Amino acid sequence: MPVVPLKEILDRAFAERYGVAAINIVDDLSIEAVVAAAVEENAPVILQTSVKTVKQYGSTPLYDIVRTLVADAPVPVALHLDHCPDRAVISDCLARGWNSVLFDAHELDVAENLRQTTEVVAEARRTGAHVEGEIEGIQGVEDGIGSDDAPTIQSLEVAVDFIQRTGVDCFAPAIGNAHGQYKAAPVLDHERVTALVEATGIPMALHGGTGLSDDQFRDLVARGCAKVNISTALKEAYMKSALEFLEGAREKNKWDPPSLFKHQRGAVMEMARHHIQLFGSSGRAW
């Protein structure tokens, strides 16, 4: 199945109250491993690219890699640009074939964020793409974007007005979640998700997923978090498995790159399968 619209994936998940893993990939190995895990679980999946990864590869080579690796996948796959404050990068990715973007304009005041997000939504619609919106920063720095300062939380009325006037397809609320590993068990405002869903009828995107408990994940998915972002867990599986393998290779003085890649692939697949099962999206492909 080719890359399918994000809205099609999320609307099904939202209606049936399961979550779709949105995993930040970093290269061809991680793309292939995540998609392979989704195929094994017969689940939809969202491949996310950071601005850093887009700039590292270039939008055209990166899109070509994704397109090649998902072309024959028998499960729905969406390609999403994560946390992007740069309108030029958004335009470039939309033109290349990304079918979803998060315009991260939380550092702007709400009125200017609303104005520009409305423009991004209109631009995305011209290519058949969809938009995730955000008015509050998610605490923590990820791939060079963000801040460790606690965000200012807007009122429910301001958030609902933003969602309705911009026409975004999903929304990323700040509920006490944070990017990266939590230093202490997070205390989340679960009721804010419920209030936003009831007021707007659109799916929410849960950021800062790595480190939440299984019960927290399940509760937030049941409340309407149809898109669940996983980035730190991918990075840890990818790099810790490499470290483990390379330490063994040094002890044995055997250096075989294909064996390293196989080891990493297995770790990334295991990580992806775990989250797909946890979010309830196994067996949900169509």
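The values are calculated or read from the model by the stated rules, or taken from the named source; none is laboratory data. Predicted, not measured: the structure shown is a model, and the values here were computed from it. Reconstructed Cβ throughout: ideal geometry from the backbone, glycine too, with neighbour counts over all protein chains shown. The accessibility values were calculated without ligands, DNA or RNA, using every heavy atom of the protein model including side chains. Shrake-Rupley method; radii C 1.70, N 1.55, O 1.52, S 1.80 Å.
See the values below:
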{"item": "Flag for Y57 being modelled with pLDDT of 95 or more, of a type in the set (S, T, Y) and open to solvent by 10 Å² or more (accessible area, probe 1.4 Å)", "result": "yes"}
{"item": "Those strands (runs of 3 or more DSSP E) lying entirely in segment 1-105 with at least 1 residues more than 17 Å from H130 (Cα to Cα) and in contact with a strand residue (DSSP E or B) (Cβ under 7 Å, 6 or more places away or on another chain)", "result": "20-24"}
{"item": "Qualifying residues in segment 13-30 (those that are more than 13 Å from the chain's Cα centre (by Cα) and within 17 Å of A73 (Cβ to Cβ)) - the one surrounded by the fewest Cβ atoms within 10 Å (Cβ to Cβ)", "result": "D28"}
{"item": "Residues of segment 152-189 classified as at pLDDT 90 or above, more than 20 Å from A124 (Cβ to Cβ) and under 20 Å from the mean Cα position of the chain (by Cα), total", "result": "1"}
{"item": "Top-ranked residue in segment 111-149 [being farther than 22 Å from L6 by Cβ and at pLDDT 95 or above; ranked as surrounded by the fewest Cβ atoms within 10 Å (Cβ to Cβ)]", "result": "A111"}
{"item": "Matching residues, segment 194-217, being open to solvent by 10 Å² or more (accessible area, probe 1.4 Å) and modelled with pLDDT of 95 or more", "result": "T194, A195, V197, E198, A199, T200, G201, I202"}
